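Report on one structure; see the data block that follows.
The values are calculated or read from the model by the stated rules, or taken from the named source; none is laboratory data. Quick caveat, the model's predicted, so the values are computed rather than measured. Note that we place each Cβ from the backbone using ideal geometry, even for glycine, and neighbour counts take in every protein chain shown. For accessibility, only protein heavy atoms count, side chains too; no ligands or nucleic acids. Shrake-Rupley method; radii C 1.70, N 1.55, O 1.52, S 1.80 Å.
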Number of protein chains: 2
Amino acid sequence: MVKERVTVIDIARAAGVSKSTVSLVLQASPLVNEVTRAKVNAVIRELGYVYNRGAANLRQSNAKSKIIGVVVNDLTNSFFAELAVGIDMVVQSAGYVQFLANTGESLDRQREVIASMREHGISGLILSPARGTEASDLKPLVAAGIPVVNVVRQVVGAKVSSLISDNHAGAHAAVTHLAGLGHRRIAFLGGFADTAVFHERFQGYRDALIHAGLDAGEDLVIGSAPSRAGGVAAVERALALPVQPTAALCFNDAVAFGACDGLRAKRLEPGVDFAVVGFDDVIEAKTAVPALTTVSVDPQGMGWRTAQLLLKQINAGKADAEAIVGSVRLVIRQSCGSSADKRERLALI
Amino acid sequence: MVKERVTVIDIARAAGVSKSTVSLVLQASPLVNEVTRAKVNAVIRELGYVYNRGAANLRQSNAKSKIIGVVVNDLTNSFFAELAVGIDMVVQSAGYVQFLANTGESLDRQREVIASMREHGISGLILSPARGTEASDLKPLVAAGIPVVNVVRQVVGAKVSSLISDNHAGAHAAVTHLAGLGHRRIAFLGGFADTAVFHERFQGYRDALIHAGLDAGEDLVIGSAPSRAGGVAAVERALALPVQPTAALCFNDAVAFGACDGLRAKRLEPGVDFAVVGFDDVIEAKTAVPALTTVSVDPQGMGWRTAQLLLKQINAGKADAEAIVGSVRLVIRQSCGSSADKRERLALI
């Protein structure tokens, strides 16, 4: 423990401002001009003052902590890292700090981390729910008036805001594009069938196949973990079918990268011998070789919008539920084979 | 806000146990048997009780919060996601919750998130310091008696524990292996030259080149962001050298994957036309095609050991600084070209 606790009065004296100015700076009030704020913050750092948020919260019933809780279901998927970075940009400029926790799809862990975040007085929560999350899991938060935004996955019946992607439209556009390139047997690779996201993407895939008059046999739908390793396994199974598909829409980019790896392991060239389309548009989709054709949900941009939605609710002081479905777009690169000419040109430059 | 606040007495009554048993469960005491703990926890969930940690901390001077703060410098690098997952496994089984924050190499952001974590009474901090972190940045934590473990990167002069990898030995082994395969011009690709990790890996690379009597020209050292995109750019510059290298040790796996992508973009096959070795051994190193030869630091295992080191200090109640250098091993897969035969065999099975 520090022997002598630095007080607000010490800070005020050293910075040459009033005690209430220091308090305003500590509360990130917009009433303090930038120069004063910088001066006070410099003194705070120098003297090593720590604002006792716990005590402050007890003192002032309307005091707000400056934490946004973010709970995701799979941090090893770079989609979620990019989402978190996007969220961080917005909460940071609003004067909040993001505390991130990973559930790894465990409902028990999700319960624990949310409880712990509540104990520490989060101002709001962004949640990509673990598989099997039910509306009752979110009820205590809603009852306590803590703004919650579900992202990526919705929870049926939960009275909280949500921001998801237009999964059906994205999958539909991708499959229609593959059909237009002449593919007759198009697989759907990866993902857990018990998630709403899987269901929406699968329905978009299926509706597009039927619309194009193509084979929509169940053998073409091969689930797997939504990871790179899952993609390797899924494409192997696809290649072992009696009548091989020649193209696949993958559940997400991680599966698509795995599918490309699995194809190479079988001496097939992705984008030439087999068309691969992903879903998400993570950063490396662009630099991968072949560059990944994918349905872009813009993970960082999704993070921004989610954070903005949450901050709006926090500032409004009430949590009116809004359900936003973000638009997506098909980004055509090399892995679907439609721009082989372009790749040729790029390679020759 | 919840209208009527649920108390410990309500919980005790509903669970049919004493008030002190409820308190012990709330403190995750080992004195309560599993059946009772489960019963109490079920009632806690049902009634929506929230333990007011802030109030508890003020009431009991020796009360400990159950948060471990984890601050990393680049969450978009999957190494850090895996490290965090490893840390989480250990802190979780010890009854803690991990709050993760990303600095994106910003010292300002690092200061903010650490201050916020301190305010919320973390039990300890695991920090992969942002570039340019100085011992003085950690001094307030040390003065406050908060256990800190630096991981991945050390901070010179900081009196805190650290767990880093034997970067010199790993780089030395990788380059010696490449030299043994007959490579005469071996590049060092990626990384920021102002970090200790870069310096250690670079020295291992350089010492091995000199030991093998090979060219150690400065032109062979090409820095870049330690990312996939950085790797693409670095290998492009390497291929543009008047006398091209035929192999490269990359700063980390992300750079190595980027180098493989950059080679393919130039119609060169990694592992056949150019040998690539990474550093870290992230999950996808194994499933990538070609599978990545890399210096394994075992990111998840590093997370476990770091968490164990921190918990030991928390439980001991004092923060004696320990500096641990974890051993590494060279994992030979396909990207260095030494097991082309094996790949052939695997492909034919």
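Do you know which of the residues in the range A:102-119 that are touching a strand residue (DSSP E or B) at 6+ places or on another chain (Cβ under 7 Å) and not polar (S, T, N, Q) is nearest to B:Ala81 (Cα to Cα)?
A:Val113
Hey, can you tell me all the residues within the range B:120-143 that are at negative phi, touching a strand residue (DSSP E or B) at 6+ places or on another chain (Cβ under 8 Å) and either charged (D, E, K, R) or within 11 Å of another protein chain (Cβ to nearest Cβ) (or both)?
Within the range B:120-143, B:His120, B:Ile122, B:Leu141, B:Val142 qualify.
Could you check the range B:68-119 and list, in sequence order, the residues that are more than 30 Å from A:Asn41 (Cα to Cα), facing chain A (nearest Cβ under 8 Å) and among the hydroxyl-bearing types (Ser, Thr, Tyr)?
Across the range B:68-119, the qualifying residue is only B:Ser78.
When you look at B:Val32, is it open to solvent by less than 40 Å² (accessible area, probe 1.4 Å) and at pLDDT 85 or above, yes or no?
no
Working carefully through the options B:Val276, B:Val255, find the one that is within 26 Å of B:Thr176 (Cβ to Cβ), assigned to a helix (DSSP H, G or I), hydrophobic (A, V, I, L, M, F, W, C) and in contact with a Pro (Cβ under 7 Å, 6 or more places away or on another chain).
Details: B:Val276 fails: assigned to a helix (DSSP H, G or I).
One residue alone meets the criteria, B:Val255.
Kindly provide the set of residues from the range A:279-300 that are part of a helix (DSSP H, G or I) and open to solvent by 10 Å² or more (accessible area, probe 1.4 Å), ordered by number.
Within the range A:279-300, A:Glu284, A:Lys286, A:Thr287, A:Gln300 qualify.
What number of residues within the range B:147-190 satisfy the criterion of being small (Gly, Ala, Ser) and in contact with a Ser or Thr (Cβ under 7 Å, 6 or more places away or on another chain)?
Count: 1.
Looking at the range B:199-226, which of its residues are assigned to a loop (DSSP other than H, G, I, E, B) and not acidic (Asp, Glu)?
B:Ala212, B:Gly213, B:Leu214, B:Ala216, B:Gly217, B:Gly223, B:Ala225, B:Pro226
Is it the case, given these coordinates, that A:Asp194 is in a loop (DSSP other than H, G, I, E, B) and either open to solvent by less than 20 Å² (accessible area, probe 1.4 Å) or farther than 23 Å from A:Ser338 by Cβ (or both)?
yes
Please tell me if B:Ala307 is assigned to a helix (DSSP H, G or I) and assigned by TED's automatic domain parsing to the domain that holds B:Leu181.
No.
Give the residues of the range A:227-252 that are part of a loop (DSSP other than H, G, I, E, B) and of a type in the set (A, V, I, L, M, F, W, C), sorted by residue number.
A:Ala240, A:Leu241, A:Val243, A:Phe251
Let me confirm something: among A:Val272, A:Val276, A:Val255, which residue is within 14 Å of chain B (Cβ to nearest Cβ) and open to solvent by 10 Å² or more (accessible area, probe 1.4 Å)?
Answer to the selection: A:Val272.
Condition check ((1) open to solvent by less than 50 Å² (accessible area, probe 1.4 Å); (2) over 17 Å from the mean Cα position of the chain (by Cα); (3) modelled with pLDDT under 90) across all residues:
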| site | (1), (2), (3) |
| --- | --- |
| A:Asp261 | yes, yes, no |
| A:Met302 | yes, no, no |
| A:Cys336 | yes, yes, no |
| A:Leu348 | no, yes, yes |
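Mind checking whether some residue in the range B:271-282 is within 16 Å of the chain's Cα centre (by Cα) and either outside the structural domain of B:Val235 (by TED's automatic domain parsing) or over 23 Å from B:Tyr205 (Cα atoms) (or both)?
Looking for residues that are within 16 Å of the chain's Cα centre (by Cα) and either outside the structural domain of B:Val235 (by TED's automatic domain parsing) or over 23 Å from B:Tyr205 (Cα atoms) (or both), one finds none in the range B:271-282, hence no.
Any idea which of B:Asp298, B:Asp280 is of a type in the set (Asp, Glu) and free of Cβ contacts under 8 Å to residues at least 60 places away in the same chain?
Of B:Asp298, B:Asp280, the one residue that is of a type in the set (Asp, Glu) and free of Cβ contacts under 8 Å to residues at least 60 places away in the same chain is B:Asp298.
Go through the range A:199-221 residue by residue and tally those that are surrounded by fewer than 22 Cβ atoms within 10 Å (Cβ to Cβ) and within 24 Å of the chain's Cα centre (by Cα).
Looking only at that region, the number is 4.
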